[in-house]
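Please read the structure below before turning to the comments.
Every number in this text was worked out from the coordinates using simple rules, so none of it is lab data. Here the structure is a predicted model, which means the values were calculated and not measured. Glycine also receives a Cβ, built like all others from the backbone with ideal geometry; neighbour counts cover every protein chain displayed.
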């Protein structure tokens, strides 16, 4: 399996796409912090990149890679290897190479140029979101054999997690605004990896605002050790669960 | 300029006091009475009893537990190093009612608490022309309590309390019905209000540090024509509360880390005709909260990293907000209605994204500091959880293009392109 992971990483790192992604992240993060004299504004732009661009690229790139590697997967299946190992190996390979790209392109420059607590939590959030969305991409590529359908599904997932979900929640919130919604909303927010990452970053970035108002319940929950642990475990669940379902499907799949 | 005039004022009052002292000493052939273990007088009370106007009582190192010491003479009470007056958690330590006196260099500790009386470490009633300076007041209910007095200075005292509940904790420096007071360079920590003014006029509060008080760092009630400058208010329930007062000048203060559900850097309630100049508001949940506030000039202040820089309720009118810097605040403005009777003019907003074609330093398109999302939160606080989400960004952008919820006249017509050097 290690060999497979190594092979996938080398294969991906050699490709131009991942190079372009790294370069894009590097260029944006460098230009954001060197052109902007106000670091808070720079962090805000980085936040949008991490919450919007990173999941999108992770999803699309992984899905396309999985479809392009279908012949390679066929070859692997014919070898004396367990299917579980093959899929997890592929996941690890793709995920590690995207994590490397993110670290080089965004995390390192942000930490070097900004280095505040917000920068640290942002880097972690970016790494976590990459892992989550690669896992979701693997699932979508296992579910359907049709490449166009698979990519479409991945795009829909991205749209859902970064836009539709919040829109639906907002709608729900206005419909039920007469009820105490703080706690249910907290739970709903935690159920979306993008929202969860956003909230964790906000707790550092907008702490002054969050200390007042409803934000206080966020702070009470995620500000404690128990909250941090539960946030981390929810993130971990978002990585493991889709992958587990994908493995189950892949094991039964007629290739 | 204003600061310079404040300094001159302080220097003038000090000279006046000094002259008064020299005057009194000169004519009354002043004695110096030593109190302590190695002197004939072991008790401060006895020394006070024989002292005459103009005498000085010097207290030697030691702990003095004498209950309540009452003074009604123009004398100086000066403590040597580590002269400690202990109230044993039962007594008010010093009660003074006189003109021309001095209390200096004494450590007061453990004054009593009563829910009937406002026990204080130093209580002054019906007095004038006095100085309370360089004292160290520890674990008091009220630390310094002055009522019905005028022309005095409270300077360079270190006051530290251990707050319990709001009802059972006293104020650091409490002034009631006074005028021409100068509160200078004190450090107040852990009381209910750091400094409390009620019916106090023509007074100055300068260069104090007021922190970790459970209610307000500085509190004005029904106090007019006062001036505070160069103070730091940090980590209080609210930095400064100005209520039911007129003509208060507030300059060059720092309001910081006042965070919480109802925490403000500066709380203005039912006040009019004042000025807020050259202050720094940073890391507060709400920088300035205005309610029933009229004709206030907010100029050349710096608002940085606050949750809300300004919260201007619809009950405010004729306030002018100009030449301020708004940098890295989560929200620049919030309000609770659609009525706008205030002027926003020529500020620097870091959220402004307009252009300046004629290069006069001012943006060519007006800036709307009130975001739609701030209005949504106002109606539905739970929406706070969507702060900075993609959905909210889209909503805000739409609102900027086609305004529908936010009041159209809530705008800065000449936003500056670059921050002011403040």
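Hey, how much of the P(r) for segment A:94-142 falls beyond 18 Å, as a percent of Cα pairs? Distances greater than 18 Å cover 33 percent of the Cα pairs. Once the Kirkwood radius over Cα pairs is known for chain A, the Stokes-Einstein relation at 20 °C and 1.002 mPa s delivers a diffusion coefficient of 111 µm²/s.
When each of the peptides B:360-366, B:348-354, B:163-169 is scored by how many other beta carbons lie within 10 Å of its residues on average, the order from highest to lowest is B:348-354, B:360-366, B:163-169. For segment B:1-236, the fraction of C-alpha pairs more than 33 angstrom apart is 13%. Going from the residue with the fewest nearby Cβ atoms within 10 Å to the one with the most, B:316, A:95 rank B:316, A:95.
Between the Cα long axis of helix A:16-35 and the first principal axis of chain A there is an angle of about 20°, rounded to the nearest 10.
Axis of helix B:2-28 versus longest Cα principal axis of chain B: the two differ by about 10°, to the nearest ten degrees.
Start at zero, step by 5 Å, and the Cα-Cα distances of segment B:269-332 spread as 5, 20, 29, 25, 18, 3 percent across the bins. What is the distance in Å between the Cα centroid of segment B:271-336 and that of segment B:101-175? Spelled out, the Cα-based centre of one part sits 32 Å from the other.
Shape analysis of chain B based on the Cα gyration tensor places the equivalent ellipsoid semi-axes at 49, 21, 16 Å, largest first. Each peptide in A:134-147, B:38-51, A:220-233 receives the mean, over its residues, of other Cβ atoms within 10 Å, and ordering these scores from highest gives A:134-147, B:38-51, A:220-233. In the elastic network of chain A, a GNM with C-alpha springs shorter than 10 Å, the most mobile of A:184, A:193, A:109 is A:184. All C-alpha to C-alpha distances of segment B:26-140, sorted into 5 Å bins beginning at zero, yield P(r) values of 3, 12, 23, 26, 21, 10, 3, 1, 0 percent in whole numbers. Projected onto planes of every orientation and averaged, the convex hull of the alpha-carbon atoms in the protein assembly as shown covers 36.9 nm². The distance separating the Cα centre of segment B:392-414 from that of segment B:58-87 comes to 64 Å. By the count of other C-beta atoms within 10 Å, a proxy for reagent exposure, B:209, B:250 are ordered fewest to most as B:209, B:250. The sum of -39500 (n - 2.57) across all DSSP H runs of n ≥ 4, divided by the residue count of chain A, sets its helix-only mean residue ellipticity at 222 nm to -26000 deg cm²/dmol. Annotation: peptides B:330-340, A:48-58, ranked by per-residue average of other Cβ atoms within 10 Å with the highest first, follow the order A:48-58, B:330-340.
Counting beta carbons within 10 Å around each of A:19, A:24, B:233, B:410 and listing the fewest first gives the order A:19, A:24, B:410, B:233. Other protein chain C-beta atoms within 10 Å of residue C-beta, averaged over B:257-263: 4. With a 10 Å cut-off around each Cβ of A:41-48, the average count of Cβ atoms from other chains is 2. Seen against the Cα atoms of chain A and their longest principal axis, helix A:147-159 is set at about 10 degrees.
With a 10 Å cut-off around each Cβ of A:201-208, the average count of Cβ atoms from other chains is 6.
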